[in-house]
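Beneath this line is the structure, given in structure tokens, with notes to follow.
The values are calculated or read from the model by the stated rules, or taken from the named source; none is laboratory data. For clarity, every value in this text was computed on a predicted model and none was experimentally measured. Note that we place each Cβ from the backbone using ideal geometry, even for glycine, and neighbour counts take in every protein chain shown. SASA here: full protein model, heavy atoms, side chains in, ligands and nucleic acids out. Shrake-Rupley method; radii C 1.70, N 1.55, O 1.52, S 1.80 Å.
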Amino acid sequence: MEAVERISDALNGRTIVVTRPQEQAESLCRAIEQRGGTALRFPVIGIGPLADRSEIEQVAGRLDTFDLAFFVSPNAVRYALDGLLVARDWPASLRVATVGKGSERALAARGFGRVIAPESGFDSESVLALSAFAPAAVRGRRILVLRGDGGRDLLGETLVARGAEVEYLSCYRRFCPDVEPDRLLEPVKRREVDGVLLSSSEGARNLADIVGAAGMVLLSDVPVFASHPRIAAQCRELGFARVIEAGAGDEGALRTIISYFG
């Protein structure tokens, strides 16, 4: 973050709404505040453990049968490993892959030193472009995708088309949290909100549900920073008039926000 770090007060007087799940928001909120801004924490996705862990326990017993395990997010790392490693050690032969620097750091913190991940790009398309996921590399291989309940299926569907055998393991649940809409709408009414950061299409839809139709009218002209073109398209569809495509991760989001207000 060297270039970003040089700008100590670039967000002075600006309030940025951070909608990430509570567990993933603090590093970005601190970075905004270190640059003179105010981070308004307004989580639009809740993350929690599954009520029924039997599937995790069942998969733990046959981890050795997989050739590759793909973690979709830091939450997948946390909840999957918390469940799987209670039952057994990680098989030495089972390679690990992910997408995003946050997920790489989460795996490193759990002792995984050789992680397959794209150097740039933070989505399934970036992963599928890696040589480790080329048709010749995955044909006949068994791949375990560790994720939340539901989620986008592009990765798994493409790998199946390339000849792999794919199994999904849901290891945490996502839900729309019970957030008081006035925490956001009152400062919007006072024109104290300068931007909203949205990092998932599901989160954008949840935000619309939380604030309701009248709230969306209030928010419609607030700049929205969307961390992927797909998320930006969802925001426009929901009625946001000023949508800015932002870089992914803390650094990408900060660079875009700082550039916009600069």
> Has segment 222-245 got any residue that is over 14 Å from the mean Cα position of the chain (by Cα), in contact (Cβ under 8 Å) with a residue 40 or more places away in the chain and assigned to a helix (DSSP H, G or I)?
Replying inline: no
> Among all residue pairs at least 6 apart or on different chains, which show Cβ distances below 8 Å where the first residue, located in segment 169-182, is under 14 Å from GLY83 (Cα atoms) and the second is basic (Lys, Arg)?
Replying inline: LEU169/ARG147; SER170/ARG147; CYS171/ARG147; TYR172/ARG78
>> Restricting to segment 121-138, name every residue that is part of a helix (DSSP H, G or I), open to solvent by 30 Å² or more (accessible area, probe 1.4 Å) and aliphatic (A, V, I, L, M).
In response: ALA136, ALA137
> Restricting attention to segment 236-251, which residues are under 30 Å from GLU119 (Cα atoms) and among the acidic types (Asp, Glu)?
Replying inline: GLU245, ASP250, GLU251
> Condition test on LEU28, is it touching a residue at least 40 places away in the same chain (Cβ under 8 Å) and open to solvent by less than 80 Å² (accessible area, probe 1.4 Å)?
Replying inline: yes
> Does segment 31-81 hold any residues that are open to solvent by 70 Å² or more (accessible area, probe 1.4 Å) and of a type in the set (Gly, Ala, Ser), and which are they?
Replying inline: ALA51
> Looking at segment 223-239, is at least one residue modelled with pLDDT under 95, open to solvent by 30 Å² or more (accessible area, probe 1.4 Å), of a type in the set (D, E, K, R) and on the phi < 0 side of the Ramachandran plot?
Replying inline: yes
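Can you go through VAL217, VAL160 and tell me which one is assigned to a helix (DSSP H, G or I), closer than 21 Å to PHE71 by Cβ, over 18 Å from the mean Cα position of the chain (by Cα) and hydrophobic (A, V, I, L, M, F, W, C)?
Answer to the check: VAL160.
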>> Please go through (1) free of Cβ contacts under 8 Å to residues at least 12 places away in the same chain; (2) at positive phi; (3) open to solvent by less than 60 Å² (accessible area, probe 1.4 Å) for GLY111 and return the number of the only condition it doesn't satisfy.
In response: (3)
>> Every residue in segment 174-209 that is over 26 Å from ALA246 (Cα atoms) and touching a strand residue (DSSP E or B) at 6+ places or on another chain (Cβ under 9 Å), please.
In response: ASP178
>> Quick check on ARG14: is it at pLDDT 95 or above and either of a type in the set (Lys, Arg) or more than 30 Å from ALA137 (Cβ to Cβ) (or both)?
In response: yes
